[in-house]
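Below you'll find the structure, written out as structure tokens, and then a few comments.
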Amino acid sequence: MKTRAALLLETGASLQVTEIDVDPPKAGEVMIRMVASGLCHSDEHFRDGTFPVRTPCVTGHEGAGIVEMVGEGVQHLVPGDHVVLSFLPVCGHCRWCSRGQSNLCDRGANILDGQLLDGTYRFHHDGLDAGGVCMLGTFSEFATVSQFSCVKIEDKSVPLGPLALIGCGVPTGYGSAVHATNIEPGDTVVIFGSGGVGMNAVQGARIRNALNVVVVDPSDFKRESSKKFGATHTFASAEEAQQAVQDLTHGVGADSAIVTAGVVTEEILSNAIDSIRKAGTVVVTGVGPFDEKNIHTSGAVLAMYAKRIQGAVYGNCNPFEEIPRLIELYKSGQLMLDELITQEYTLDEVEQGYKDMLDNKNIRGLIRF
Ligand SMILES: NC(=O)c1ccc[n+]([C@@H]2O[C@H](COP(=O)([O-])OP(=O)(O)OC[C@H]3O[C@@H](n4cnc5c(N)ncnc54)[C@H](O)[C@@H]3O)[C@@H](O)[C@H]2O)c1
Ligand SMILES: [Zn+2]
Ligand SMILES: [Zn+2]
């Protein structure tokens, strides 16, 4: 059938919103009628080649919608079910899923190619197969995805607009604070970059009762906004933050630092490593160019001060466990979602949405279908 989608024809091009073909679900697959999709910075990395993806493809990996059709053998979903789409599939059987690290599921190996698990594509345009990034392609009215990507939402009264953000930015930021950093009550944490992901690291730190939640972000709007989500101190530069952290911790240093800047550089990572105390942790969640070696530090300093650098994908969450839990936190009022959405767009306005993200006008932009 036909669907309207934002198509990336080649790396570096603008997204083209156009009518393309989408196949019905094969065995183990589900067609989703998209309700909303968040504008995560990673899709801009896919578009501009910072994270190279196979083209043509439909971008978008932070979405929520309603099951339209199910293929053979799908057991946990029927048409009409509400789902949040996980940007990494979870098979439940591989070595990583078995040990409770389903954010590392082996079935996610080809998310940048965008084909489904049988190695074929569900989007087509002009005689070419088009991938869906992260095995999704949420910038499309309809998308056919693996059942391993669909987290069923039992409570249909919860609006799917804000829930779209639980597909990526919310668990990635929250989990960076709660799982990857393991913040304890009374901790001091420095968060470098409080955009759509970092703002949720701020929320995670607040929910974990951190004492000092220090935000470094050059954008006035982001710094001001972060105070509503739980930041206790905000600074435009790492230098100012460094001095404050020393004062707040009586010269000890921060317990942890979380790097969630839009484009991660060696300078930001060095500042993060400098900000932590002995045996502190730097969590690296934001990314820069895939092949760039941008961590440069003294092995002796790491060794003698027992500092830890921890990478985190999907906030080291198990999506099928964490997504329902985050929805409950939202319903209880502890996790703010509506306040993350600064501006809504139509699919045709997707390029404007990304321009606004790069101009720091949005905490998160949201496409509403
Ligand atoms: N590891 C993962 O699983 C995962 C998942 C999603 C996104 N990401 C990555 O996380 C990063 C953040 O994504 P986002 O959607 O929040 O982006 P965003 O554009 O919404 O926010 C980025 C923020 O970084 C700030 N910033 C820019 N330069 C900075 C600096 N020098 N110091 C501190 N802050 C600075 C910006 O002002 C902005 O507020 C991106 O690199 C994205 O690709 C990683
Ligand atoms: Zn994302
Ligand atoms: Zn698995």
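Odds and ends about this structure:
- Taken as a whole, the condition of being within 13 Å of ligand 1 (Cβ to nearest atom), within 20 Å of residue 171 (Cβ to Cβ) and at pLDDT below 95 applies to residue 51.
- Test for residue 201: is it at pLDDT 95 or above, in contact with a helix residue (DSSP H, G or I) (Cβ under 8 Å, 6 or more places away or on another chain) and in a helix (DSSP H, G or I): yes
- Considering the conditions (1) in contact with a helix residue (DSSP H, G or I) (Cβ under 8 Å, 6 or more places away or on another chain); (2) under 30 Å from residue 218 (Cβ atoms); (3) surrounded by fewer than 24 Cβ atoms within 10 Å (Cβ to Cβ), residue 117 is excluded by exactly one of them, (2).
- Filter pass, residue 149 being of a type outside the set (Lys, Arg) and away from ligand 1 (no atom under 16 Å from the Cβ): no
- Any hit, the stretch 216-238, residues being over 24 Å from the mean Cα position of the chain (by Cα) and open to solvent by 60 Å² or more (accessible area, probe 1.4 Å): no
- Within the stretch 320-369, the residues that satisfy the criterion of being part of a helix (DSSP H, G or I), under 15 Å from residue 138 (Cβ atoms) and within 13 Å of ligand 1 (Cβ to nearest atom) are 353, 354.
- Considering the stretch 317-349, the residues that are polar (S, T, N, Q), open to solvent by 50 Å² or more (accessible area, probe 1.4 Å) and out of contact with any Asp or Glu (no Cβ under 7 Å at 6 or more places or on another chain) include one that is farthest from residue 261 (Cα to Cα), namely 332.
- Comparison of 271, 318 shows that the only residue that is within 16 Å of ligand 3 (Cβ to nearest atom) and in contact (Cβ under 8 Å) with a residue 60 or more places away in the chain is 318.
- Qualifying residue in the stretch 122-130 (condition: open to solvent by less than 20 Å² (accessible area, probe 1.4 Å) and in contact with a helix residue (DSSP H, G or I) (Cβ under 7 Å, 6 or more places away or on another chain)): no
- Residues satisfying the stated conditions in the stretch 62-117, i.e. in contact (Cβ under 8 Å) with a residue 60 or more places away in the chain, within 16 Å of ligand 2 (Cβ to nearest atom) and not in a loop (DSSP other than H, G, I, E, B): 63, 64, 84, 85, 103
- Residue count for the stretch 84-98 satisfying the condition of being open to solvent by less than 10 Å² (accessible area, probe 1.4 Å) and in contact with a Leu (Cβ under 7 Å, 6 or more places away or on another chain): 2.
- Only one of the listed residues (197, 190) is under 24 Å from residue 263 (Cα atoms), open to solvent by 20 Å² or more (accessible area, probe 1.4 Å) and in contact (Cβ under 8 Å) with a residue 24 or more places away in the chain. That residue is 197.
- Any chance residue 104 is assigned by TED's automatic domain parsing to the domain that holds residue 56 and open to solvent by less than 20 Å² (accessible area, probe 1.4 Å): no
- Considering the stretch 131-158, the residues that are in a helix (DSSP H, G or I) and either open to solvent by 10 Å² or more (accessible area, probe 1.4 Å) or in contact with a Cys (Cβ under 9 Å, 6 or more places away or on another chain) (or both) include one that is farthest from ligand 3 (Cβ to nearest atom), namely 133.
The values are calculated or read from the model by the stated rules, or taken from the named source; none is laboratory data. Keep in mind that what you see is a predicted model, and the values were worked out from it rather than measured. Backbone-built Cβ (ideal geometry, glycine too); neighbour counts: all protein chains shown. Side chains are part of the model used for accessible areas, which takes the heavy atoms of the whole protein and leaves out ligands, DNA and RNA. Shrake-Rupley method; radii C 1.70, N 1.55, O 1.52, S 1.80 Å.
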